[in-house]
Amino acid sequence: MPTGIPPIRIAPSLLACDFSRLGEEVKRAEAGGADWLHLDVMDGHFVPNLTIGPPVVKAIRRVAKVPLDVHLMIEDPGRWAQAYVDAGAGSCTFHVEAAADPGEVIGVFRRLGTRVGLSLNPDTPVESIRPHLPALDLVLVMSVMPGFGGQSFREEVLGKVRTLREEYGWKGDLSIDGGIGLETATRAAAAGANVLVAGTALFGEKDLGAAIAALRASARASRS
């Protein structure tokens, strides 16, 4: 693994929280040590599920203190860039599979002044994002198929993480999302991931702070 990569960050996925107590859940995650809050935006077209939109992101931004890591699982992400940036997204990550010209969409977000990331599904070759790496702040490797929580971790995606770090020399934030718990966090961090997105493994625990601390310790231990 190359030196100089960013520190471990824990990004609880609000998709797994109690939406009837959304503001309280945001505060609980922050009090527990969350570095970012991960927001899954699904449009029912790019993925077979429908979640939140700009008004909910804006409402979360009003109560959140840490950056909002907005994951856009939507068609035509450039069209919605302004809405999510205006809503308060700290970073916006869209899917390489959702854009005919990813470079053009990256430019749209760049001009709006936000951090921008590119994501790829488990069955998408990592080579598809290589030309765009110099323009990115974040790469998100999906370790499950996007659209639903609670899926099992796909071990084969760790090869993509290693390729990004070791072959491509990527030193920015490298996030992994899907099936992340203590064991998979260790393997993902050892491969080179530094942003761990976890939903049920965190919000499913009574002591969210202890769960975040354990996940962080597990990931850090893999680097030693």
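The values are calculated or read from the model by the stated rules, or taken from the named source; none is laboratory data. Just so it is clear, the structure is predicted and the values come from calculations on it, not from any experiment. So basically every Cβ, Gly included, is an ideal-geometry build from the backbone, and we count neighbours across all protein chains shown.
Within region 97-127, if we keep just the residues that are among the polar types (S, T, N, Q) and in contact with a strand residue (DSSP E or B) (Cβ under 6 Å, 6 or more places away or on another chain), the residue that is farthest from Ile74 (Cα to Cα) turns out to be Thr114. Got a number for residues in region 144-164 being buried (at least 20 other Cβ atoms within 10 Å of the Cβ) and modelled with pLDDT of 95 or more? Qualifying residue count, region 144-164: 5. Within the option set Leu164, Leu158, being at negative phi, in contact with a Lys or Arg (Cβ under 7 Å, 6 or more places away or on another chain) and not in a strand (DSSP E or B) holds for one residue only, Leu158. Within region 124-136, residues that are within 15 Å of His95 (Cβ to Cβ) sit with their Cβ atoms under 7 Å from residues that are outside any helix (DSSP H, G or I) and aliphatic (A, V, I, L, M), at 6+ positions apart or across chains, in these pairs: Val126/Leu120; Ser128/Leu120; Ile129/Leu118; Ile129/Leu120; Ile129/Val139; His132/Leu118; Leu136/Val116; Leu136/Leu118. The single condition among (1) at pLDDT 95 or above; (2) under 23 Å from Ser128 (Cβ atoms) that Pro48 does not satisfy is (1). Taking strands (runs of 3 or more DSSP E) as the structural unit, those lying wholly within region 2-118 and holding at least 1 residues that are under 28 Å from Glu205 (Cα atoms), in contact (Cβ under 8 Å) with a residue 60 or more places away in the chain and of a type in the set (Val, Ile, Thr) correspond to 9-12, 91-95. Residue count for region 155-181, restricted to those that are out of contact with any strand residue (DSSP E or B) (no Cβ under 9 Å at 6 or more places or on another chain) and farther than 24 Å from Val70 by Cβ: 9. Thr184 falls short on exactly one of the conditions (1) in a helix (DSSP H, G or I); (2) more than 20 Å from Asp69 (Cβ to Cβ); (3) not aromatic (Phe, Trp, Tyr), and that condition is (2). Restricting attention to region 103-111, does a residue exist that is of a type in the set (A, V, I, L, M) and in contact with a Phe, Trp or Tyr (Cβ under 7 Å, 6 or more places away or on another chain)? There is at least one residue in region 103-111 that is of a type in the set (A, V, I, L, M) and in contact with a Phe, Trp or Tyr (Cβ under 7 Å, 6 or more places away or on another chain). Considering only residues of region 107-143 that are hydroxyl-bearing (Ser, Thr, Tyr) and under 15 Å from Ser13 (Cβ atoms), which is surrounded by the fewest Cβ atoms within 10 Å (Cβ to Cβ)? Restricting to residues being hydroxyl-bearing (Ser, Thr, Tyr) and under 15 Å from Ser13 (Cβ atoms), the top hit is Ser119.
Among the residues of this structure, Val157 does not count as one that is touching a residue at least 24 places away in the same chain (Cβ under 8 Å), aliphatic (A, V, I, L, M) and farther than 21 Å from Ala221 by Cα.
Let's see how each residue does on (1) modelled with pLDDT of 95 or more; (2) within 22 Å of Val126 (Cβ to Cβ); (3) surrounded by fewer than 21 Cβ atoms within 10 Å (Cβ to Cβ):
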residue: Thr3; (1), (2), (3): no, yes, yes
residue: Ser13; (1), (2), (3): yes, no, no
residue: Asp43; (1), (2), (3): no, no, yes
residue: Ile52; (1), (2), (3): no, no, yes
residue: Pro67; (1), (2), (3): yes, no, yes
residue: Ala81; (1), (2), (3): yes, no, no
residue: Thr93; (1), (2), (3): yes, yes, no
residue: Gly103; (1), (2), (3): yes, yes, yes
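Being part of a helix (DSSP H, G or I), at pLDDT below 95 and touching a helix residue (DSSP H, G or I) at 6+ places or on another chain (Cβ under 9 Å) is the requirement here; does Arg220 meet it? Criteria met by Arg220.
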